[in-house]
1. Any residue in the range 97-115 that is over 10 Å from W28 (Cα atoms) and outside any helix (DSSP H, G or I) sitting within a Cβ distance under 8 Å of a residue that is of a type in the set (V, I, T) and at pLDDT below 95? List the pairs, counting only those 6 or more apart or interchain.
2. Within the range 94-148, can you find the residues that are under 19 Å from L20 (Cα atoms), in contact with an Asp or Glu (Cβ under 9 Å, 6 or more places away or on another chain) and small (G, A, S)?
3. What number of residues within the range 55-67 satisfy the criterion of being crowded, with 21+ Cβ neighbours inside 10 Å and of a type outside the set (A, V, I, L, M, F, W, C)?
4. Select from the range 29-39 the residues that are of a type in the set (G, A, S), open to solvent by 40 Å² or more (accessible area, probe 1.4 Å) and either over 25 Å from R132 (Cα atoms) or touching a residue at least 40 places away in the same chain (Cβ under 8 Å) (or both) and list them in ascending order.
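The values are calculated or read from the model by the stated rules, or taken from the named source; none is laboratory data. Just so we're clear, the structure is a prediction, and the values are computed from it rather than from any experiment. So basically every Cβ, Gly included, is an ideal-geometry build from the backbone, and we count neighbours across all protein chains shown. For accessibility, only protein heavy atoms count, side chains too; no ligands or nucleic acids. Shrake-Rupley method; radii C 1.70, N 1.55, O 1.52, S 1.80 Å.
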Amino acid sequence: MSLQKRQRGRPRQYDRETALLAARRLFWEKGFSASSIDELCDVMSISKPTLYAGFGNKLELYLAVLRQYEAEGRAAMAERLAHPDLATALRQAAAGAVSNFLAGEFRGRGCLLVGTAVVEAATERAVQTELRNDMLASGALFEARFARAVAEGFAAPLSPALMGAIMRDAIYAAALHARAGAGREELLATLESVIVLLAGSAAKSDAARSLC
């Protein structure tokens, strides 16, 4: 009898990455504070004991969701920035980011970090640190791409670090505008102007090209 009770009491198995994706959708739609433990357990298809055993608490779950999202985003961004042509690499990065901001089950979801973590960073130090680390890592990706272009002969108007920060911040601004209802054409047009300013003649030759 005791063995049967222990077997019934075991938390059922679940896939961590799938559970995090489910939690991500809820956090993205409702934000951290408005997402309840009951709702999270429901969308993740796990029990409360399983959630607490696997993630600790709601904040730790949220941080795990952010880290999964950040890792996916940086991997995709690095792939787009690997293109040998600087302007094309930047345009691919911009188009990929905008597609992400406008995708999802509700229109104009923006960026998970901009839409949710910015709010929580004011009161949760761990979220603030996570947000800052992601911003630095994203800037470093763009900085590395500009540094590569300089090494290949590109006459940069600014330091690679500063250009990387500008491009990163333009992407974050696009996420904010997407959340406020801006459409794909508007977002890409604004990012294109930043690309032309940073990449100069390398971008001007085909600035009017479609980004679809």
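1. Within 8 Å, no pair qualifies.
2. G104, A117, A126
3. So the count comes out to 1.
4. Step one: list which residues in the range 29-39 are of a type in the set (G, A, S), which gives 31, 33-36.
After this cut, where a residue has to be open to solvent by 40 Å² or more (accessible area, probe 1.4 Å) as well, the list is 33-34, 36.
Matches in the range 29-39: S33, S36.
A quick yes/no check of all residues on (1) assigned to a helix (DSSP H, G or I); (2) on the phi > 0 side of the Ramachandran plot; (3) open to solvent by 40 Å² or more (accessible area, probe 1.4 Å):
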{"residue": "V119", "(1), (2), (3)": "yes, no, yes"}
{"residue": "A122", "(1), (2), (3)": "no, no, yes"}
{"residue": "V127", "(1), (2), (3)": "yes, no, no"}
{"residue": "E130", "(1), (2), (3)": "yes, no, no"}
{"residue": "D134", "(1), (2), (3)": "yes, no, no"}
{"residue": "E143", "(1), (2), (3)": "yes, no, yes"}
{"residue": "F154", "(1), (2), (3)": "no, no, yes"}
{"residue": "P157", "(1), (2), (3)": "no, no, yes"}
{"residue": "A165", "(1), (2), (3)": "yes, no, no"}
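Conditions tested, residue by residue: (1) more than 18 Å from the chain's Cα centre (by Cα); (2) loosely packed, with under 15 Cβ neighbours inside 10 Å; (3) not in a helix (DSSP H, G or I).
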{"site": "F27", "(1), (2), (3)": "no, no, no"}
{"site": "C41", "(1), (2), (3)": "yes, no, no"}
{"site": "A53", "(1), (2), (3)": "yes, yes, no"}
{"site": "Y69", "(1), (2), (3)": "no, no, no"}
{"site": "E72", "(1), (2), (3)": "no, yes, no"}
{"site": "M77", "(1), (2), (3)": "no, no, no"}
{"site": "P84", "(1), (2), (3)": "yes, yes, yes"}
